[in-house]
1. First select every other residue whose beta carbon is under 13 angstrom from the beta carbon of residue 219; then total the charges, Lys and Arg +1, Asp and Glu -1.
2. Expressed as a rounded percentage, what relative contact order does the chain have, with Cα pairs under 8 Å and six or more residues apart?
3. Hey, fewest Cβ within 10 Å first, where do 127, 202, 182 land in order?
4. Run the dipole for the range 1-134 about the Cα centre, Lys and Arg Cβ at +1, Asp and Glu Cβ at -1, nothing else charged, and hand back the magnitude in debye, nearest 20.
5. For the range 168-173, just list the computed ³J(HN,Hα) in residue order, Karplus coefficients 6.51, -1.76 and 1.60, θ = phi - 60°, integers in Hz, with x standing in for Gly and Pro.
6. Taking the Cα centre of each part, how many Å lie between the range 169-233 and the range 36-87?
7. In straight Cα distance, which aspartates and glutamates are under 16 Å from residue 95, not counting same-chain residues fewer than 8 positions off?
8. Rounded, prolate or oblate: which fits the range 126-232 when a ≥ b ≥ c are the square roots of the eigenvalues of the alpha-carbon gyration tensor, with rounded for a/c under 1.5 and prolate only if a/b beats b/c?
Amino acid sequence: MVKTPDKIAVIGLGQFGAAVAKNLAARGAEVLAIDQDIEIVESIKDEVAYAVALDATDIKALASQNVADMDAVLVAIGENIEGLLLTVVQLIELKVKRIIARAMNQQQKLILEKLGVKDIISPEDMIGSMIAEMLLNPNMKAYLPMPDSYEIVEIQAPRKTLKKTLKDINLSGRYQLELITIKRKYEEYIDGRKKSIEHLIIRPNEETTIEHSDVIVVLGKSDDVDKFVDTNM
């Protein structure tokens, strides 16, 4: 059975909202992009399924776009706190299945929580945490905080892990880290030119040997990630 594309509305097409909308569309989602500014809507209309200029604080205007039928609605309105909160209230009134709201600061986050919004994101905080982690640990390529003090981390293979098997490294037993996957670069010829292309090793096993270009993707606690990197530098 062919999977039906996810139907997602993005309200607020600033730099953040527009980037999310375009990425969702590129990954196969059916995206409804909404903003008050007609010029912004015009600029994105060819990259998403639907793009509409309307006032998202107007419940009738929102209802006319069948937002209640969406799998999720992202409210990416930035500085306009009144517009953000009114839009969220209207979406709640329309019984939207899943509301994801962007909070610019702690005050906005608290108000959104009081309204009952469960999915609240703060891209600035996430980026700040990621940059701090990457500055403290040059081997770290990407970082995603998770509940219960866990994180998903992409780590450039430390020097002492090179040419060792996963069995020898013993991520789970020695470091309490769960391996998710390994990214590895391969030399390939494309259009007659030699290029370095990154692929995933989907099911690495105990005998998989770590190579120089490998990026190891793991789930674990921050202290355990630091221990793994520091021990194998």
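A short reminder: the numbers here are calculations on the coordinates, not readings from a lab. Just so you know, these numbers come straight off a predicted model, no measurement behind them. Here the Cβ is made from the backbone with ideal geometry for all residues, glycine too, and neighbour counts use every protein chain on show.
1. Working: positive: 221; negative: 148, 151, 154, 178, 224.
With Lys, Arg at +1 and Asp, Glu at -1, the net is -4.
2. It rounds to 13 percent for the chain.
3. Starting with the residue having the fewest Cβ neighbours, the order is 202, 127, 182.
4. 560 debye
5. Karplus values, whole Hz, x for Gly and Pro: 5, 6, 6, 4, 6, x.
6. 40 Å
7. Those aspartates and glutamates meeting the cut-off are 58, 69, 71, 119.
8. oblate
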